[in-house]
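These notes are about the structure you will find just below.
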Amino acid sequence: MNRFAIFLLALPLLAGETTVIRNATVLTVTKGTFQGSILIRDGKIVEAGEKVLVPDGARVVDAGGQFVMPGIIDCHSHIAADSINEGAVAVSAMVGIEDVINPDDPDIYRALAGGVTTANILHGSANPIGGKCQVMKMRWGKDAEGLKFEGAMPGIKFALGENVKRSGSPGNGFGASPGLRYPATRMGVEDVIREAFTEARAYQKEWRDYQAKLDRHEQAIPPRRDLKLEPLVEVLEGKRYVHAHCYRADEILMLLRVADDFGFKIRTLQHVLEGYKVAQEIAVHGAGASTFSDWWAYKAEAFDAIPYNAALMTRKGIVVSVNSDSAELMRHLNTEAAKAMKYGGLNETEALALVTINPAKQLGIENRVGSIEPGKDADLTIYDKHPLSNYAKVTKVFIDGQLYFDREKDLEERPGREARKKALIDKFKAQEKKERKKPEPTEDKKSEEPGGEQ
Amino acid sequence: MKTCLTIFLALASLRAAGPETILLRGATVHPVSGADIADGSVLMRDGKIAEVGARIAVPKGARVIELKGLHIYPGMIDSGTEIGLTEIEAVREMSDISDIGLFKPQLRAAAAVNPASEHIPVTRANGITSVITSPGGGIVAGQSVLMHLSGWTIEDMAVRSPAAMRLEFPRIRTPNRFGDSDAPQTPGRASAYTEAKKRYEQQLRELNDFMESARRYRQAKTAASADFETDLKLEAMIPVLDGKLPMLIRAEKEKTIKEAIVFADKQKVHMILERGAEAWKVAADLKAHNIPVILPPTLRLPDEEDDPYDKPFSIPGELSKAGVKFAFATFGPGAEDNPRNLPYEAAAAVGFGLPQEEALKAVTLYPAQVWGVGDELGSIEKGKWADLIVTDGDPLETRTQIKQMFIKGAPVDLENKHHRLYEKYLAR
């Protein structure tokens, strides 16, 4: 394609745009599957159906019979984060991923090329109460602020079990903690969470008392802000979601009871590999579950993990998603979802929901993304084959109606990229050679040089 | 499932009565080595495939299993695992992969494989009938075993023990941010590199010296001199020097692969390249030397930051075009490396240039050929072990279910820990 043609293609993207994706197999996830078209205007889906009128001036993308599904949503990722774990303290609620986003991380583009449009970027699992999370769209090319999913509910990471217990030991890679850091048992993990929320309640009361005094027009001194407790008060007030890393059934139940006691909800249980053992209790509490499709046995607490977890929890009435926790696995969440058909017999729509509408619900963004419905963001992934097939590959990805990944374009640009890379390497090599040829500027040599440098 | 179990128990009891003759009938047979047979049959006798074809007369006393609408494929082979040597990766007490020392050719994976490992039934439930299990660590890591995923003891299971001598080819290893256990921790990048390079050069010398010692040992043994003393390490190298036992050489980067090829040439050992991530850069050389490759996982991130996003997916297709023989492997069990997912490592390359038939061959026939058992395993052909899977579709697709399995002609229980827990808690 020549430069002019690329310019023409880019033109409608710059104006207030209308795009029609036609001749597609549309997997809406929530409204069935049909052969038809999707009308996009100003980044939103306006219409999706078998017959859609193409407005004048609309850009038409012929999908050639390929499969369009909602962009994949990964409820657990660590890409584009310059740091993950603040492990020196057991409660690190004062730190947040929002401050360490690296928009140049190539994993963003790789995820995009794997059909992912939105991801929940979490703090690590070194502490019972970890740092704040950031929901992000894969708007490759935008700056850190531009990646953030505007208006998404804020979140915070909790973690239970082995990673937390281990984090006190030296040389664990989770930050500078020279000695053992409390807690070192699952009992201690419960205690740390209860202590923190007891403090948070007292802190909340200080502010309420202060506000009450102001309301009564009394003189009052504002309490000192506590950046660690503030996010926990938000949790108590339902303004911040808890995403809790957990494995074993006992610790899952423990956390649900702690939350019940303090009157807040666990929004999602992350990994939740033994969730299938306490599915009833999870359903009653109302927590979502975001799990691996089939990882198991890599550590002791993962030894009872089963690939039927997602399907079983779905059958017990839990909103379930399948996540990656890995920049690699993130690239094929579509086939990870297919595993819930093999193991536990979910149907195609239920399987696709695990990586689209369900994680959207878990992140509280289901009015924006997760299915192909009028009014939602035009975050769409096109596959050349059915996305639940291992032979399918992503051909195009739209976010907010903009084309962010196009396989053809990627292929076209490769020779140019290679040439640029080679030119840079050659330049560096030439430079190096020149420097090597230069004689060592020793005192002796200098004096030998006739005439010197005058 | 209950009916399945009942059938299995019935089959198991029949089997106990003696080697059974079984005729599988009415399925689409995919021999892999030849054209598919619609409405085909496979006759299994004494553990071997006795006949394959469209019509086979029912021999006297044979049990007939009707498989209308289903498919028969050869069982799949994972060419790189640690199955049986590790149960839970993170628990030191449950791992027997890597022993102390640099040169340990006398160590046999077969001596430490746990036939009761939970990984065995979990893995075979997805159609994997044989695996290579290898020791690791040091330079000469020890002897790999090729084994069936069924049997009471390793002696029942082993197809070839040893199947290969595993060598982790020396390379320059600078400490990474997680602290590479093998590399010396020296502050300052330049000095760390110098140290690492020195270490690598020394290891190369040691490796060549070790090969030389083995050669002299063999000479002394042949000469049967009076003062000859047995040395188990050097003794273990004799089949390698004789060209009877291949050397499975782990080398990832172009430089290391090239050095390994030169080494194998000079030492006249039969080389199989393991995890040749950059094998595509050396394809012509590999082809010229007839060196097969055990591929690293297809489902991995690009090796270099500026590689095309799909580089790992397109490498198998590139190697196939270049005429290099290869087999897929998972190198599991680990978190992301699940041996049961072997077929998906193959499938992931199909959208990116590898023909589907080649992908299937690279988890069946090609590994059999690479491991020197091309006339025993890997396809549905008369005279081979009857390692078969019965499926409701293409085994490289996740949605396909494995319905039945036969290893050495005997029905294999597909029940496993995961399914048991599922049934138990579904009923809660």
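None of the figures in this text is laboratory data; all of them are computed from the coordinates on show. Since the structure is predicted, the reported quantities are computational estimates derived from the model, not experimental observations. Here the Cβ positions follow ideal geometry from the backbone for every residue, glycine too, while neighbour counts run over all protein chains shown.
Listed values, structure above:
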read-out	value
Under 5 Å, built H, 5+ apart or other chain: amide partners of A:Tyr241	A:Gly155, A:Ile156
Shielding by partners - mean other protein chain Cβ count within 10 Å, residues of B:419-427	5
Across A:Lys239/A:Lys376; B:Lys361/B:Lys382; A:Lys31/A:Lys342; A:Lys409/B:Lys287; B:Lys48/B:Lys417; B:Lys104/B:Lys253, pairs whose alpha-carbon gap is larger than 21 Å	A:Lys239/A:Lys376; A:Lys31/A:Lys342; A:Lys409/B:Lys287; B:Lys48/B:Lys417; B:Lys104/B:Lys253
About the Cα centre, charge dipole magnitude for region A:72-366 (Lys/Arg +1, Asp/Glu -1 at Cβ), debye	300
For region B:349-368 and region B:60-82, distance of Cα centres in Å	18
Order by protection proxy (mean Cβ within 10 Å, highest first), peptides B:385-392, A:91-98	B:385-392, A:91-98
Chain B, helix-only ellipticity at 222 nm - DSSP H runs n ≥ 4, -39,500 (n - 2.57), divided by all residues, nearest 500	-9000 deg cm²/dmol
Amide H within-cut-off set for A:Val135, under 5 Å, with H built and near neighbours excluded	A:Ile121, A:Phe149
Beta bridge orientation in the protein assembly as shown: antiparallel %, DSSP, nearest 5	55
For a label point 7 Å along the Cα-to-beta-carbon line of B:Gln106, residues of region B:142-156 with backbone N under 20 Å	B:142-145
Rounded FRET efficiency, nearest 0.05, which uses the C-beta distance separating B:Val58 from A:Asp82 and R0 of 56 Å	0.25
Sequence-distant residues sharing a close amide H with B:Glu274 (under 5 Å, placed H)	B:Ile249, B:Arg250, B:Ala251, B:Ile294
Three-way shape label, chain A, alpha-carbon gyration tensor, a/c 1.5	oblate
Between region B:202-279 and region A:48-70, the Cα center-to-center distance that results, in Å	62
Region A:38-117 - percent relative contact order, Cα under 8 Å, separation 6 or more	26
Fewest-first ranking of B:Tyr344, B:Tyr73, using other Cβ atoms within 10 Å as the exposure measure	B:Tyr344, B:Tyr73
Average beta carbon contacts from partner chains per residue of A:403-416, 10 Å cutoff	1
Förster radius 25 Å - calculated FRET efficiency between B:Asp156 and B:Thr230, Cβ distance, rounded to 0.05	0.25
Calculated from backbone phi, Karplus (6.51, -1.76, 1.60) coupling profile of region B:322-331 in Hz, x at Gly/Pro	7, x, 8, 7, 8, 9, 8, 8, 10, 6
Order of B:Asp265, A:Asp191 under a 10 Å beta carbon neighbour criterion, fewest first	B:Asp265, A:Asp191
Chain A: relative contact order in percent, alpha carbon pairs under 8 Å with at least 6 residues between	18
Karplus-derived HN-Hα couplings along region B:82-90 (A = 6.51, B = -1.76, C = 1.60, θ = phi - 60°), whole Hz, x at Gly and Pro	10, 4, x, 9, 9, 10, 10, 3, 7
Shielding by partners - mean other protein chain Cβ count within 10 Å, residues of A:324-333	3
Packing-based exposure ordering (other Cβ within 10 Å, fewest first) of B:Trp152, A:Trp296, B:Trp371	B:Trp152, A:Trp296, B:Trp371
Principal-axis tilt of helix B:254-267 within chain B, Cα atoms, nearest 10 degrees	90
Computed helical MRE - 222 nm, chain A, DSSP H runs ≥ 4 contributing -39500 (n - 2.57), nearest 500	-10500 deg cm²/dmol
Protection proxy ranking, peptides A:417-425, B:79-87, A:228-236, average beta carbon neighbours within 10 Å, highest first	B:79-87, A:228-236, A:417-425
